[in-house]
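Encoded as structure tokens, the structure appears first; notes follow it.
The values are calculated or read from the model by the stated rules, or taken from the named source; none is laboratory data. Just so you know, these numbers come straight off a predicted model, no measurement behind them. Reconstructed Cβ throughout: ideal geometry from the backbone, glycine too, with neighbour counts over all protein chains shown. Surface accessibility is based on the protein's heavy atoms, side chains included, excluding ligands, DNA and RNA. Shrake-Rupley method; radii C 1.70, N 1.55, O 1.52, S 1.80 Å.
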Amino acid sequence: MLELRNVSKYYNIGTVNEMCLFKNFNLTINDGEFISVVGSNGSGKTSMLNIICGSIDVDSGAILLNGDDITNRKEYKRLQKIGRVFQNPAMGTCGDMTILENLSIADNKGMSYNLTKGIQKKRISYYKEMLSELNLGLEDKLNVKVGALSGGQRQALALLMSTMTPIDFLILDEHTAALDPKTAEINMQLTDRLVREKGVTTIMVTHNLRYAVEYGDRLIMMHEGKAILDKSGEEKNGTKVEDVLDIFNEISVESGN
């Protein structure tokens, strides 16, 4: 279980541009949940992910993981148990290295290399088997540099790499936003399969309302640093895209847009 307790975050403190993004924000994420998070730009979606991962500090409040306070734990230590896929496909992979080299690095996450070889030949068959399940033909391109792949292929690879080692959380930060519709659909289907197979707790920020409604078992809408909508179970299953869109339109009117 992950808990954000009374978290507050300010930007540009002491200046005319001071802004409060979160004030006493609370959120509990249960083990095994697949949460879709939507909201307008500036609502706090990505900042919430950065707080969970440790990319940005909080000004007050606490972050608890299974009751353990990790508020001051360094980002690199948190990421030992967190897999993260970004909007930009290039951020989760190394373009100057081959698919095989990228997979080998991901496969050894958190381990010490010492003087052993980075690539273990006995793992190649395993890598090919994993890649073949993507149906993107990557199993025959192990020695191709990742920078030569399409955005969709690269994002699918990044998603696969992020779940190769045991993790507690999978963080998806608009991971289909930069892809064309067909490739985005492929990556969402892959996402759903990996989450279900591994049973990993997942938080997915997306601007695609259909994905938010169709995937996952909990839906949260952020606005001005608050969770103004939080549906799960049967209530979430009964939610339609039009329902979420109506709330967006209502917020837009209230904001004077």
### Message
If you scale each eigenvalue of the Cα gyration tensor by 5 and take the root, what three semi-axes come out for segment 1-122, rounded to whole angstrom and sorted largest first?
### Response
33, 18, 15
### Fraction of alpha-carbon pairs over 21 Å apart in segment 167-248 - percent
29 percent
### Pairwise label distance in nanometres, Asn12 with Leu229, each label 7 Å out on the Cα-Cβ vector
3.0 nm
### Message
Please give me, ordered by residue number, the GluC sites (Glu not before Pro) of segment 16-122 that lie in loop per DSSP and have at most 12 other Cβ atoms within 10 Å.
### Response
Glu18
### segment 142-257 - percent of accessible surface contributed by carbon and sulfur, probe 1.4 Å
48 percent
### Message
Below 12 angstrom from the Cβ of Asn72, what's the summed charge of the other residues (Lys, Arg +1; Asp, Glu -1)?
### Response
0
### Query
Under Stokes-Einstein, with the Kirkwood radius over Cα pairs standing in for Rh, what whole-number D in µm²/s applies to segment 149-207 at 4 °C and 1.567 mPa s?
112 µm²/s
### Query
Quick one: if you stick a label point 7 Å off each Cα along the C-beta vector at Glu250 and Cys53, how many nm between them?
3.2 nm
### Message
Tell me the per residue accessible area of segment 139-214 using a 1.4 Å probe; a whole number in Å² is fine.
### Response
40 Å²
### Task
Quickly work out the Met1-to-Asp243 label distance, labels modelled 7 Å from Cα along the C-beta direction, and quote it in nm with one decimal.
2.6 nm
### Query
How many percent of the accessible area of segment 28-101 is carbon or sulfur, using a 1.4 Å probe?
44 percent
### Task
Tell me, rounded to the nearest percent, the portion of alpha carbon pairs in the chain spaced more than 25 Å apart.
47 percent
### Query
Rg (Å, one decimal) plus Dmax (Å, integer) for the alpha carbons of segment 58-169?
16.0, 50
